[in-house]
Structure formats: structure tokens, C-alpha cells
């Protein structure tokens, strides 16, 4: 089951991040250029992901019905995980004419994404824009990973079942926010802050969020120092935070 | 009304985090203690007396958390402290225990209805764990039934998967069912017939972050009967309620007899000691359990416990707690209503939990409690509070004055919610 959870996170949290990478990173947007390539990732046991690249942007979608012009098939969740680690290659079954995009552009984008998700801490200390982009992309990866853990991981399911129905806001200052919708033990991550949250986790700055997401700070200390505030249904935050704490188990 | 500021508290916390993980770990800290917003709360105590503590900035608080229960007679109670000091002059932690231990056991057996013997430890979790081991030793079975939201300490079996460090293997013999639901308990008995060693529960559902629920009519008598019929050890975790509801034990208060009963908190008015008392039939089992600790039989807390129990008996502490709790609750409910809020006070009046109506998110409650704390009234937004003997009518009046002011402030901040 570990490989399945990890693969679902790799698909729907990490690779999904291509969408935001192309918005935040000029070099990535330029690399996409005006090409139109729509790649479907087909992994057994896991919802399919379609990444559609065009007009210097990327759109991520989930499900079987989305259009695509290239299909990458994986024999197992582990196969996908090994591809993400650069150890194995996917099996293209449609769209061979886009192999060049896959080999060059997609590989370049994956490298850019990795540079933000495994950040250079020295650079982050001096380059606030880099730190901000890294924090946003890491936050997306982590918070889109949470519903996957809540869905596929046994402990994750148990924790999610304890989260009351409602919305959890996660924000950084006034600049950035996303929210998770909890409903009957299932979670969905949505971009932007909600006006109807039952509970909220509020980072004061990108520096704090960066430190916490990269394991350099702990939430308990940050709460005491006033760098991280919580509000509302604490039991929701408590179980959500435990789910969030499981992310590094799959994405370390 | 002046609102408190906490510059020295913050300064000390910044020093603390450099050498202590999380600065103040555990339930006394700002994270687990749900200090929301954190800016409203003090972090460090300078001194305490009666029902008050003063923080390091010199702010005085009427403390309705009572250190989460231990303070029952008032902080620094002169008689309890004198007994502890007198014993300290003789001996405390020694190679063989002081005979005072026997005196405390005799006093507990004489005071607690279901106690035929007593054993001592330090924290509540020590004795709830000891009770679990005793139930297994007595029955030769492995499963323990507990109730949803029941808090029995922080050992792995008392927690759940998802808590960092807790494994499925740690809880695979723990069955958790809803409180007040005998039918589900019967189903569990049928499913695990002959495999259940014990049932552990608090006297009523006093879980954190939610309204509390008293036992339904007949709940305890049915559970008691089912445990007896199935030869299951009934363990009452009276760590939090013990001596606040009834000196004879909270099982007596609710009309049943537990096989094992766990005490801590109010037992010694703040000195570190816990006790497990039990039925004669379990004496061989507990005698066989290997359980000990470096400080479990230290004499100073034992001396404090003896004096504390004597005083609680002299003054009939539970009646006083209830009386103060009634005045506290009725007063606040009326004040809330005057300001357009519905304050709900659930659980036992000696240790109620406060919630607000039309407040699914707890935002309003958190704001109101923060306003109270900044006015010198220390409450909790997530946990039951506690009454203590030292709360005077004047303290209650100050509490009510602060409540008026705090509700008024919250009301002004939320005109859209004002009914």
C-alpha cells in the first residue's frame, strides 16, 4: 500500500504542481512555449492525471474523461514512483510524436520543480522571490498530498474520519491561501482562502511557512512565538496537522 | 477595564525555545493549551496563592484551570504545605519508604467507598496504566474497552494511531466505543466474548473541545452488571473528577462500584502523587504486576495528600465545589444572555466546560475566553475548567464584571452575529 499512496501523491500532489510551476516560474513557462501536449498518466489503482501544456501554461486534471494526446502507461504504482526518482522510464502508448517534449521540456520542468521542492537553503536566505515560489509550490505539494493520504493510507483514513465536516483554511499572511474541504471523512484541496472556514492555520510570513514545510521549524514552537496562529475547531486542525505530518513519510 | 500585556512572558519564552523543545511542552504550553490568540495569554507563573496566580509581568489571574485540576483547596494552602514541609525535614525520597505511606492508604480505604487497598505512583497515567495491567493480570485476557474522547494519559495504548510514535500494534487490543451506549457495549461483548480484560472510563464524558455529557440513567448500573457477568474488570479513571464530585469516589456519586479507581490531581493539592485503589478480589493480581518508579513512594507528597484529604473531609469539599460552580455558571449564563449570547455550561458544575451557542467554529468562544484572560480571569476554550475552595464571592463578582466587559467586546466585534 505504501507504493500506492506514494504514487497517488506523486501524481496528484507533485506532478500536479506543474500547473503552478508554469504560473510562478518564467523559465518553465517559456520552456512550454506555444506547444500543445496533453499527457495522461495511467497508473493501476490510482485516478488518472492529465497535464495539458499550451500557451506557456499547464493545466492539471484528474479523471478518465479528460482529453489527451499522449498516454504514459505504468505497470504499477511502484513503476511511477521509480520514474519520479529518475530510475525507470514510462511506457508511451499514444502520442509518440511528443516524445521529444517528454524527453526535453518535461524533463526540464521536472528539474525546475525539484529545485523548488528540494530548495537550496542558502539561496532561499538571500532570494525572497525564490523562497516565496519554493514555499508556495511546497505548500501545494504537501496540501494536495493530504487528501491522498486521507484516501489511501490506513492511518490517514482514520485521522480523516475524525475531521468534522467543514473547511480548513491555510494561509500565509494576506498573500497566499488555500483550503481543504472535509466531508464525511474525505478531503479536497482547493486554491485560495475560503470565507466560510471552521478553522484556520495562519502562517505570518513565507519565511515561517518555508521553515515549517522544510522541517527547520516546528509548529508548536511557532505557535508559541506567534509565527503560526490557529483558530476555530482545534480538533479539525489537530487531525489535519497529523495528516500533514505524514507527508514527509512519502515525500522525503 | 484594563487588558493585560505580557512583555516578560514573551521574553522568557524566546529564551525557553532555545533550550526546551516547543518552549513549554504539553498541556501547559501555548499550543496544546489552545492559547488562541496566543497574544492574550501569559506563559509563566511567578507566584500563586489561593485561587490566584501572578505571571512574570505581575498580572494577577483568578485561575479557573487550577493547574488542570490539582488545585482544589487553593494554591499554597498553609496546612497542606506545612505537612509537606514537616515531612521534608524528616525524609522524602529514601531507600525504604516512610510509614506515612500506610497512613495514606488507610485514609483512602476509609474515605473511598470502593477501596479495599491503595497503591501509589506519581501521575494519573501511571495508575491508569497500572489498572490496565492489573485487569490483564487478573483475567488473563488482553482487550481493553474505552470510550470515545476518554483521556487516560499519554502512553501509546491510551492514544491512537496518527499520534507520532504510536503504532497499530500499540492499540490493537484497545476497543473504543461511544459513551452512554450500552447496546454497542453489548455488541462488543458478544464479538469479543472471553477476550476482554477491562473497561476503563471516566465517570462521565468530559472530553475536551466538546460539550460534556453526564451518564444516562441506568448506564453505569448496566455496565457494572455486564462487567460482573462477564468477569471484566471495571476501571474508573477518576483522575480528573476525583474528590471534586464525591470524596467517596465518583463511582459512588453515580451509584455504582468500580473494581479499580484511579486518583491523582486533587489528591494532594498540587503535590505529585497518584493512587490506584481497588477491590479486595484484585489484590493478588496487582501484587503480581511489576510496577514501580524512582519517586513513587516519596514521603513529602504522601504527607501532603494525607492533610489534603483530611481537610477535604472536614469541609466537605465536593459540596463547596458544587456550590461555587453553581454560582459561577448561573452568573455567567445570565450575563451572556444579557449580551445576546447563549453560554452553555455542561458537565458537572464543579468542573464544567463552557461553550457558546451558534458558534460551530468556536471562533466566538475563543475570542471571549481570550478577552477574559486579558482581564485576569483564566479560563480555557477547549477544556473543562475547575472550581476550587479558595474562590470567594468577591472573586466571582470580579469574574462577572470581566464577563460583562468581554461579552460586550465580542459583541462589538461581531455585530452580524448579535441576536
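Does residue B:72 meet the test of being under 22 Å from residue B:366 (Cβ atoms) and away from chain A (no Cβ under 14 Å)? Don't jump to the end; show me each part of the working.
Details: under 22 Å from residue B:366 (Cβ atoms): no; away from chain A (no Cβ under 14 Å): yes.
So residue B:72 does not fit the description; no.
How many residues are surrounded by 14 or more Cβ atoms within 10 Å (Cβ to Cβ) and touching a strand residue (DSSP E or B) at 6+ places or on another chain (Cβ under 8 Å) when one looks only at the stretch B:174-183? Please lay out each step first, then the result.
Let us first name the residues in the stretch B:174-183 that are surrounded by 14 or more Cβ atoms within 10 Å (Cβ to Cβ), namely B:174-177, B:179-182.
Still in the running and touching a strand residue (DSSP E or B) at 6+ places or on another chain (Cβ under 8 Å): B:174-177, B:179-180.
Qualifying residue count for the region: 6.
If you check residue B:38 against the conditions, is it under 30 Å from residue A:232 (Cβ atoms), within 14 Å of chain A (Cβ to nearest Cβ) and either in contact with a helix residue (DSSP H, G or I) (Cβ under 9 Å, 6 or more places away or on another chain) or surrounded by 19 or more Cβ atoms within 10 Å (Cβ to Cβ) (or both)?
On the way: under 30 Å from residue A:232 (Cβ atoms): yes; within 14 Å of chain A (Cβ to nearest Cβ): yes; either in contact with a helix residue (DSSP H, G or I) (Cβ under 9 Å, 6 or more places away or on another chain) or surrounded by 19 or more Cβ atoms within 10 Å (Cβ to Cβ) (or both): yes.
Yes: the conditions hold for residue B:38.
Quick check: anything in the stretch B:138-148 within 14 Å of another protein chain (Cβ to nearest Cβ) and modelled with pLDDT of 95 or more?
Initially, the stretch B:138-148 is screened for residues within 14 Å of another protein chain (Cβ to nearest Cβ), giving B:148.
Filter again for modelled with pLDDT of 95 or more, leaving B:148.
The answer is yes, given that some residue of the stretch B:138-148 is within 14 Å of another protein chain (Cβ to nearest Cβ) and modelled with pLDDT of 95 or more.
Pull out all pairs, ordered by first then second residue, where Cβ-Cβ is under 7 Å, the residues are six or more apart or on different chains, the first lies in the stretch B:148-159 and is surrounded by fewer than 15 Cβ atoms within 10 Å (Cβ to Cβ), and the second is part of a loop (DSSP other than H, G, I, E, B).
B:148/B:178; B:148/B:179
Tell me the residue from A:136, A:99 that is touching a strand residue (DSSP E or B) at 6+ places or on another chain (Cβ under 7 Å) and not assigned by TED's automatic domain parsing to the domain that holds residue A:16, please. Walk me through how you get there before you give the answer.
Working: A:99 fails: not assigned by TED's automatic domain parsing to the domain that holds residue A:16.
Unique residue meeting the criteria: A:136.
Could you tell me whether any residue of the stretch B:51-65 is within 12 Å of another protein chain (Cβ to nearest Cβ) and either in a strand (DSSP E or B) or modelled with pLDDT of 95 or more (or both)? Let's see the steps before the verdict.
The first filter runs over the stretch B:51-65 and keeps only residues within 12 Å of another protein chain (Cβ to nearest Cβ), leaving none.
Taking every residue of the stretch B:51-65 in turn, none turns out to be within 12 Å of another protein chain (Cβ to nearest Cβ) and either in a strand (DSSP E or B) or modelled with pLDDT of 95 or more (or both).
Step by step: first the residues of the stretch A:152-175, then only those that are crowded, with 19+ Cβ neighbours inside 10 Å and more than 14 Å from every other protein chain (Cβ to nearest Cβ), then the one that is modelled with the lowest pLDDT. Which residue is that?
A:152
Filter the stretch B:161-173 down to the residues that are farther than 30 Å from residue A:232 by Cα and surrounded by 14 or more Cβ atoms within 10 Å (Cβ to Cβ), then identify the one that is farthest from the other protein chains (Cβ to nearest Cβ).
To start, the set of residues in the stretch B:161-173 that are farther than 30 Å from residue A:232 by Cα comprises B:169-170, B:172-173.
This time we only want the ones that are surrounded by 14 or more Cβ atoms within 10 Å (Cβ to Cβ), so: B:170, B:173.
On the way: B:170: 12, B:173: 16 Å.
For the stretch B:161-173, the residue satisfying everything is B:173.
Report, by residue number, each residue of the stretch A:176-216 that is more than 20 Å from the chain's Cα centre (by Cα) and buried (at least 18 other Cβ atoms within 10 Å of the Cβ).
Correct list: A:197, A:198, A:199.
Does the stretch B:207-247 hold any residues that are within 14 Å of chain A (Cβ to nearest Cβ) and at negative phi, and which are they?
As a first pass, look at the stretch B:207-247 and keep what is within 14 Å of chain A (Cβ to nearest Cβ): B:207-211.
Within the stretch B:207-247, B:207, B:208, B:210, B:211 meet the criteria.
Could you run through the stretch B:1-32 and say how many residues are assigned to a loop (DSSP other than H, G, I, E, B), in contact with a helix residue (DSSP H, G or I) (Cβ under 7 Å, 6 or more places away or on another chain) and away from every other protein chain (no Cβ under 11 Å)?
1
Any idea how many residues of the stretch A:43-67 are in contact (Cβ under 8 Å) with a residue 12 or more places away in the chain and surrounded by fewer than 20 Cβ atoms within 10 Å (Cβ to Cβ)?
First, the residues of the stretch A:43-67 that are in contact (Cβ under 8 Å) with a residue 12 or more places away in the chain: A:43-64, A:66-67.
Cutting the leftovers down to surrounded by fewer than 20 Cβ atoms within 10 Å (Cβ to Cβ) gives us A:44-45, A:47-48, A:54-57, A:59-64, A:66-67.
Counting residues in the stretch A:43-67 that are in contact (Cβ under 8 Å) with a residue 12 or more places away in the chain and surrounded by fewer than 20 Cβ atoms within 10 Å (Cβ to Cβ) gives 16.
Could we say that residue B:77 is crowded, with 18+ Cβ neighbours inside 10 Å, touching a strand residue (DSSP E or B) at 6+ places or on another chain (Cβ under 6 Å) and either more than 14 Å from chain A (Cβ to nearest Cβ) or farther than 30 Å from residue B:396 by Cα (or both) here? Show your work before the answer.
On the way: crowded, with 18+ Cβ neighbours inside 10 Å: yes; touching a strand residue (DSSP E or B) at 6+ places or on another chain (Cβ under 6 Å): no; either more than 14 Å from chain A (Cβ to nearest Cβ) or farther than 30 Å from residue B:396 by Cα (or both): yes.
In short, no.
The values are calculated or read from the model by the stated rules, or taken from the named source; none is laboratory data. This is a predicted model, so every value here is computed, not measured. Counting neighbours? That spans all protein chains shown, and the Cβs are built from the backbone with ideal geometry, glycine included.
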